[in-house]
Amino acid sequence: MSTGKEWQISCRDIASRRRDMTVFVSQGHVVVTVPPGEAAVLTPLEVGRLRAALRDAVVNASGAPEN
């Protein structure tokens, strides 16, 4: 899920509460934020979404055109 240069990935914390991870680009770097003070627990589908968000962010950070 992309909103410009920011992607939200649903996950759960270690207590199974719904949370979000965020991937964004800042000054040519890829930044990943997770629930504060928590571990992010991902289903296989959520891992796929994280992978896609990271790929898009890397392309965006490098300035390379997407295929």
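The values are calculated or read from the model by the stated rules, or taken from the named source; none is laboratory data. Note that the structure is a prediction, hence the values are computed from the model and not measured. Glycine also receives a Cβ, built like all others from the backbone with ideal geometry; neighbour counts cover every protein chain displayed. Quick note on the areas: whole protein, heavy atoms, side chains included, nothing else; ligands and nucleic acids left out. Shrake-Rupley method; radii C 1.70, N 1.55, O 1.52, S 1.80 Å.
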For D20, solvent-accessible area (1.4 Å; no DNA, RNA or ligand), Å²: 80 Å²
Qualifying GluC sites (Glu not before Pro) in the stretch 1-56, DSSP loop, other Cβ atoms within 10 Å at most 15: E38
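For every other residue with a beta carbon closer than 12 angstrom to the beta carbon of C11, add +1 if it is Lys or Arg and -1 if Asp or Glu, then tell me the sum.
On the way: positive: R12, R17, R18, R19, R49; negative: D13, D20, E38, E46.
Taking every Cβ under 12 Å from that of C11, the sum is +1.
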Most mobile listed residue (A52, A39, A15) in the chain, GNM with C-alpha springs under 10 Å: A15
Acute angle (nearest 10 degrees) that the helix 44-62 long axis makes with the longest principal axis of the chain, alpha-carbon atoms: 30 degrees
Most mobile of G37, G48, G28 in a GNM of the chain (Cα contacts under 10 Å): G37
Charge sum, other residues only, whose C-beta stays under 13 Å from R49's C-beta, Lys/Arg counted +1 and Asp/Glu -1: -1
10 Å beta-carbon shell around F24, net charge (K/R +1, D/E -1): 0
Globularity ratio of the stretch 7-67, using Cα Rg and 2.2 N^0.38 Å: 1.18
Relative contact order for the chain, counting Cα pairs under 8 Å that sit 6 or more residues apart, in percent: 31 percent
In order through the stretch 16-31: 3J(HN,Hα) via Karplus (6.51 cos²θ - 1.76 cosθ + 1.60), integer Hz, x for Gly, Pro: 6, 7, 5, 9, 10, 9, 10, 10, 8, 10, 9, 6, x, 10, 8, 10
Cut-off under 5 Å, modelled amide H: who pairs with A39 long-range: I14
Longest site-free stretch - the chain; sites: trypsin sites (Lys or Arg not before Pro), DSSP loop, at most 15 other Cβ within 10 Å: 18-67
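What is the extension gain from S26 to S62, computed as 0.36 nm multiplied by their sequence separation minus the C-alpha to C-alpha distance, in nm to one decimal? Each step should come with its number before you reach the end.
Values: separation 36, 0.36 × 36 = 12.96 nm, distance 1.12 nm.
Roughly 11.8 nm would be gained on extension.
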